[in-house]
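For reference, the structure is listed below as structure tokens.
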Amino acid sequence: MIVFGFISCENPKETILKIKFTHSVSGINAVCGTGCTNGGECLPDHSCCTGGKLLPYTNLAGDEYNIQTLKYLISNIELEKQNGEKILLKDVHFVNIDDDATLKFSYSDPLENNTYTNISFTMGLDSLNNVNNNYVNEDFHSSMIWPVNMGGGYHYMKIEGDFDTITQGYATHTGPTMGMDHSFDITMPVNLIVDDELGNIKILINMEINNWYQNPHTLNLASAIMMDMTKQMQLQANGQENVFSVSVR
């Protein structure tokens, strides 16, 4: 006699890791646009109703400004185990504050149960990857191209908006001025114990925008940056100091 039976087994739990990018100015969530507050409504001509403010932010140099554009590239995002082994989470990620889909991504594989101590990434693209047309099939290709006569490759970051008045614009563009590599590596400690029984994990990487313009160098928004090697190096130094922070949820 043949007896047919069924073997029942539950799918094992798996921990999914999500990375989310957030942005702040002096510790307050950054608002893209004229930054109307207290219920003020932004209008198409960049004016605001009562309670709004056209230039909601002030940097250490005293510039009042808003943020109309914030785009940047982060590459070689890695999570480090307690034993020093590193897991590549993503090669290159493009962030556009105007596009919610770019503000997060999920690691493609379930995260192994382990203790993780650091997360690291490169702000921008290093010289090996930052070459002309290297990302021609990526969505960011056309918007992040760095002019060939200035070294070619891609911007690391674009912050643009109005300052002092809404008729005066600024453009903080970082990249490989004259072919020099101004990208930089960031490593931040995390206290992350992955256990499938504890559920999914979200790592938040925050950019404090005002810190691009202070510590150790106080920078104003008035002068051009793209062809200014000194400014590129100062922004790099500021970015390495405390522009980025990390938290785990």
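Is there any pair linking a residue in the stretch 55-69 that is within 10 Å of Leu219 (Cα to Cα) to one that is part of a strand (DSSP E or B), with Cβ under 9 Å and at least six apart or on different chains, and which?
Listed pairs, sorted by first residue: Asn59/Val25; Asn59/Tyr65; Asn59/Phe163; Asp63/Tyr57; Asp63/Phe163; Asp63/Tyr170.
Quick one: in the stretch 174-191, of everything that is open to solvent by less than 20 Å² (accessible area, probe 1.4 Å) and assigned to a strand (DSSP E or B), which residue is nearest to Leu54 (Cα to Cα)? Talk me through it step by step, then tell me what you get.
Step one: filter the stretch 174-191 for residues open to solvent by less than 20 Å² (accessible area, probe 1.4 Å), giving 174-177, 182-184, 186, 188, 190.
Adding the requirement that they be assigned to a strand (DSSP E or B) leaves 174, 184, 186, 188, 190.
On the way: Thr174: 25, Phe184: 33, Ile186: 33, Met188: 34, Val190: 37 Å.
Across the stretch 174-191, the extreme among qualifying residues is Thr174.
Can you find a residue that is open to solvent by 80 Å² or more (accessible area, probe 1.4 Å), over 18 Å from the mean Cα position of the chain (by Cα) and not charged (D, E, K, R) anywhere in the stretch 101-108?
The answer is yes; a qualifying residue exists.
Within the stretch 26-44, is there a residue that is in a strand (DSSP E or B), at pLDDT 55 or above and open to solvent by less than 40 Å² (accessible area, probe 1.4 Å)?
Checked the stretch 26-44: at least one residue is in a strand (DSSP E or B), at pLDDT 55 or above and open to solvent by less than 40 Å² (accessible area, probe 1.4 Å).
What residue, among those in the stretch 109-130 that are hydrophobic (A, V, I, L, M, F, W, C) and closer than 13 Å to Ile205 by Cα, is farthest from the chain's Cα centre (by Cα)?
Ile119
If I ask for residues that are over 30 Å from Glu64 (Cα atoms), assigned to a loop (DSSP other than H, G, I, E, B) and either within 20 Å of the chain's Cα centre (by Cα) or not β-branched (Val, Ile, Thr) (or both), which ones from the stretch 131-166 would you list?
Asn132, Asn133, Asn134, Tyr135, Asn137, Glu138, Asp139, Gly151, Gly152, Gly153
Which condition from (1) open to solvent by less than 80 Å² (accessible area, probe 1.4 Å); (2) without any contact (Cβ under 8 Å) to a residue 60 or more places away in the chain is the one that Val194 breaks?
All conditions are met except number (2).
The values are calculated or read from the model by the stated rules, or taken from the named source; none is laboratory data. These figures come from a predicted structure and were not determined experimentally. Glycine also receives a Cβ, built like all others from the backbone with ideal geometry; neighbour counts cover every protein chain displayed. Keep in mind that these areas ignore ligands, DNA and RNA; they rest on the heavy atoms of the full protein, side chains included. Shrake-Rupley method; radii C 1.70, N 1.55, O 1.52, S 1.80 Å.
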